[in-house]
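Scroll down for the structure; my scribbles are underneath it.
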Amino acid sequence: QLMIHVNRAKGLAAADKNGFSDPYVKTYLLPDKTKHSKKKTGIKRKTLDPVYNETLKYKLKSSDLDSRTVWLSVWDWDRFGRNQFLGEFRLPLSSLDLSDPTPHWYTLQDREEEEAGSEEPVYKGELRLGLMYSPPDKGSGSSRPAKRGTLTVAIKQARELPAMDKTGLTNGFVKCYLLPDRSTKGKRKTHVIKNSLNPVWEERFGYEKVNLEELSRERVLEVTLWDLNKGASNEFIGGLRLGPAPGRAPKHKEWMDCIGDEVSHWEAMLSRPGEWVEQWHTLRPSMDPRSVSID
């Protein structure tokens with residue numbers, strides 16, 4: 001087992017408007033850059049000289065030591081946007097005396113050119129959900145059918161969520177809005193599944209008095225996943241928006257940025273009224289509006 005003890009950092013750059021950063025440390029054991037190789041410390045709020053005293057552990061055969069490199073980077077955590085890079089270094093294990101536990105300072109460097117400006121790979125896990133549009137009943141004693149039905153959302157489960165807490169686990173819950181309504185009345189929320197990276201909710205929410213025309217043009221379901229923090233702000237994990245392709249609405253809004261599976265799942269639901277349509281979605285790491293082309 002390889003253990004990397006992250007002690008502290010000093011003199012970090014200020015990434016936030018308050019003159020501080022919310023830094024955390026991330027490591028990969030190269031050449032493996034997959035999510036299975038990623039380890040992270042906790043986030044230290046509002047400091048340029050964070051103290052971690054955390055140990056990140058890797059299962060590793062002694063025969064593989066000479067071919068592995070520790071890639072350590074420091075990032076400023078952003079609640080809604082993209083986390084900002086603060087510095088990195090790479091440490092070939094073949095260059096170290098692993099029998100010597102003495103801590104050392106390492107100077108953080110700029111990112112390599114091909115990776116500058118991005119945190120790759122960005123993977124926040126996946127969410128499975130179901131959608132169903134229920135057409136309106138004609139109504140007893142009325143010859144005219146009602147024009148509005150119900151959109152039902154089933155929050156099923158998530159998998160491979162990032163560890164948000166010092167325990168290496170997450171206390172996850174899901175919030176939904178049917179945009180453009182972001183009011184308290186329009187918010188739907190699951191209960192919290194504690195201490196799990198693969199939570200199962202199996203909860204359903206309904207949005208009544210919606211019709212196919214508006215769903216196919218100008219309504220977007222925003223789904224976000226959060227980590228519950230008692231006594232502090234909840235931490236954003238990831239999210240997605242499901243809805244029509246950009247350009248369908250009479251007037252474009254910045255949150256009308258659905259692409260790929262987010263559009264195909266929505267269209268499948270609209271084409272099969274009264275049926276459940278379920279699908280896994282990879283969570284967006286940020287809910288900043290995407291740049292999309294408008295037809």
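The values are calculated or read from the model by the stated rules, or taken from the named source; none is laboratory data. Bear in mind that the values here come from a model prediction, so they are computed numbers and not experimental data. Side chains included, ligands, DNA and RNA excluded: accessible areas come from the protein's heavy atoms. Shrake-Rupley method; radii C 1.70, N 1.55, O 1.52, S 1.80 Å.
Listed values, structure above:
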| quantity | calculated |
| --- | --- |
| Distance histogram for the chain (every C-alpha pair counted, 5 angstrom bins, percent rounded to whole numbers) | 1, 5, 10, 14, 15, 14, 11, 9, 8, 5, 4, 2, 1, 1, 0, 0, 0, 0 |
| Accessible-area ranking of ASP64, ASP22, largest first, probe 1.4 Å | ASP64, ASP22 |
| Helix-only CD estimate at 222 nm, as mean residue ellipticity for the chain, using -39500 (n - 2.57) per DSSP H run (n ≥ 4) | -1500 deg cm²/dmol |
| Nearest-ten-degree value, helix 261-271 long axis tilted from longest Cα axis of the chain | 20 degrees |
| Ranked order, LYS156, LYS253 - accessible area, probe 1.4 Å, largest first | LYS253, LYS156 |
| Cα gyration tensor, region 149-266 - rounded (a/c under 1.5), prolate or oblate | prolate |
| The chain - percent relative contact order, Cα under 8 Å, separation 6 or more | 15 percent |
| Most to least accessible of ARG204, ARG128, ARG159 (protein chains only, probe 1.4 Å) | ARG204, ARG159, ARG128 |
| Restraint check, LYS33/LYS61; LYS124/LYS230; LYS38/LYS253; LYS17/LYS251, Cα-Cα greater than 26 Å | LYS38/LYS253; LYS17/LYS251 |
